[in-house]
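The values are calculated or read from the model by the stated rules, or taken from the named source; none is laboratory data. What you see is a predicted model; the values in this text were computed from it and never measured. Note that we place each Cβ from the backbone using ideal geometry, even for glycine, and neighbour counts take in every protein chain shown. We work out accessible area using only protein heavy atoms, side chains counted, and drop any ligands, DNA or RNA first. Shrake-Rupley method; radii C 1.70, N 1.55, O 1.52, S 1.80 Å.
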Amino acid sequence: MLASQDGDAAAHRVLLERLSRHLRAYYKGKLARMGRGATEAEDLVQEAVLAIHIQRHTYDPAEPLTPWVHAIARYKLIDYLRRNRASVTDVPIDEAGEVIANDDHLSAESSFDLRRLLKHLPEKMQCAIEAVKLDGLSVAEAAQRCRISESGVKVNIHRGLKALAALIAQRTQT
Amino acid sequence: MRTDELISALSASVEPINRRRVNRSVGIALVVGMAVAIGVSFLALGARTDLTTPRPLIFLLLKIAFAFGTTGAAAVYLARLARPGGERRVSPGLAALPFVAILLLAGVSLGQAPSSHWDRMVMGDQWLECLISIPIIAVVPFAVVIWAVRQAAPTNLVRTGAFSGLVAGGVSAMAYALHCTDDSLPFVALWYGGTIVLCTLAGALLGPRLLRW
């Protein structure tokens, strides 16, 4: 976590991968008890991973990491359930079987298509995220492709990811 | 979208972040809020002009000390509340300490005065102005504090909202004290304390709406 706060990309990837496994177990456990599917759990895993990434500056190194992650995971779960309050009561009974049927570890996909979601963002954010995050260009190359300054790319990625998180939150509203 | 795709996208280029950003935003909000509150108080109400003798000066300092104690404790807790899970490290009891202190002082001062003076000591000359001014002056500081907290990720929105209101109310009371000429402890306890509590309640109500992320 400390390394990823300092901008170590490899450490960041390892961190997110490890945390995503814990988050998946956490959400699957919680949602299964409410009779919900693995796709929803995966939606939540991704919301939480995105939140951990965007909010990584709020982690205080003097504090243990687990409560911080747990607080984010719990917040996202409560937020999700609140958004879907209406549907909590009308989950069909036969879904209990579906939960088990869909429960193949790790292979679950969430219901979002990143590229399609990106289309809803302003052009500059779209371009910056696509270039750096999806096509793997450096910030300088992305700046050239999107015709904005390097700091502009960084700002647009940051804002874009936040907007994306909001979009994902909106999508999970049924 | 698969989660590992999302993870590789997110770790494609990782910016180093500033760990002090949360504390810094809250600090900036505090300073800006204070400047605006004092400015509004000076421009709209004017500073008190009777500071030539020691008694008003002592009361001014006392009011400011009360408001400052409230704001300071609340701001420290707010910086913790702004982080996920920060509510574990906050004890609302400590934040209430300045209120307990001023209530005790007010009680003592009422006890020493004859009961025929109580009415005047509690109501002062301008209780209505105080009741209206402090919440109004608090609006801009509250907005700035909310902006600062939104830079972070609070997970207990009601409590974070309440502490934002408490900070804004404290800042506003500090600014209003520069104008207010009602110098009695019961007045300060009731009308300053009361309006700050009012701001806190308003913050708790607004928190869940304004702070979602």
Report the residue count in segment B:5-22 for those that are outside any helix (DSSP H, G or I) and facing chain A (nearest Cβ under 7 Å).
9
Of the conditions (1) closer than 20 Å to residue B:213 by Cα; (2) of a type in the set (Val, Ile, Thr); (3) more than 9 Å from chain B (Cβ to nearest Cβ), the single one that residue A:39 does not satisfy is (1)
Looking at (1) of a type outside the set (Phe, Trp, Tyr); (2) part of a helix (DSSP H, G or I); (3) at pLDDT below 75, which is the only condition residue A:108 fails?
(2)
So, in segment A:57-72, exactly how many residues are at the interface with chain B (Cβ under 7 Å from one of its Cβ atoms) and crowded, with 21+ Cβ neighbours inside 10 Å?
4
It is to be established whether one or more residues within segment B:190-197 are under 30 Å from residue B:50 (Cβ atoms), surrounded by fewer than 19 Cβ atoms within 10 Å (Cβ to Cβ) and out of contact with any Lys or Arg (no Cβ under 7 Å at 6 or more places or on another chain).
yes
Residues in segment B:57-105 that are more than 12 Å from the chain's Cα centre (by Cα) and either hydroxyl-bearing (Ser, Thr, Tyr) or closer than 30 Å to residue A:51 by Cβ (or both): how many?
15
Enumerate the pairs (first residue in segment B:48-63 and under 12 Å from residue B:180 (Cα atoms); second residue anywhere and polar (S, T, N, Q)) with beta-carbon separation below 6 Å, excluding pairs fewer than 6 apart on the same chain, so at least 6 apart or on different chains.
B:48/B:181
Pairs please, first residue from segment A:50-73 and free of Cβ contacts under 8 Å to residues at least 24 places away in the same chain, second anywhere and surrounded by 20 or more Cβ atoms within 10 Å (Cβ to Cβ) and in a helix (DSSP H, G or I), Cβ atoms under 6 Å, 6+ apart in sequence or on different chains.
A:58/B:22
Looking only at segment B:179-206, which residues are at pLDDT below 90 and in contact with a Ser or Thr (Cβ under 6 Å, 6 or more places away or on another chain)?
B:179, B:185
Determine, yes or no, whether residue B:87 is touching a residue at least 40 places away in the same chain (Cβ under 8 Å), open to solvent by 30 Å² or more (accessible area, probe 1.4 Å) and within 14 Å of chain A (Cβ to nearest Cβ).
yes
How many residues of segment A:1-22 are at the interface with chain B (Cβ under 9 Å from one of its Cβ atoms) and under 15 Å from the mean Cα position of the chain (by Cα)? The answer is 6
From (1) among the β-branched types (Val, Ile, Thr); (2) in contact (Cβ under 8 Å) with a residue 40 or more places away in the chain; (3) more than 14 Å from chain A (Cβ to nearest Cβ), pick out the condition that doesn't hold for residue B:26.
(3)
From B:35, B:44, grab the single residue that is exposed (fewer than 13 other Cβ atoms within 10 Å of the Cβ) and either within 14 Å of chain A (Cβ to nearest Cβ) or in a helix (DSSP H, G or I) (or both).
B:44
Enumerate the helices (runs of 4 or more DSSP H) found wholly within segment B:82-184, keeping only those where 2 or more residues are touching a strand residue (DSSP E or B) at 6+ places or on another chain (Cβ under 8 Å) and closer than 20 Å to residue B:66 by Cα.
none
Can you find even one residue in segment A:82-105 that is modelled with pLDDT of 75 or more and within 17 Å of the chain's Cα centre (by Cα)?
yes
Among the listed residues A:140, A:165, which satisfies the condition of being without any contact (Cβ under 8 Å) to a residue 24 or more places away in the chain and either touching a helix residue (DSSP H, G or I) at 6+ places or on another chain (Cβ under 9 Å) or part of a helix (DSSP H, G or I) (or both)?
A:140
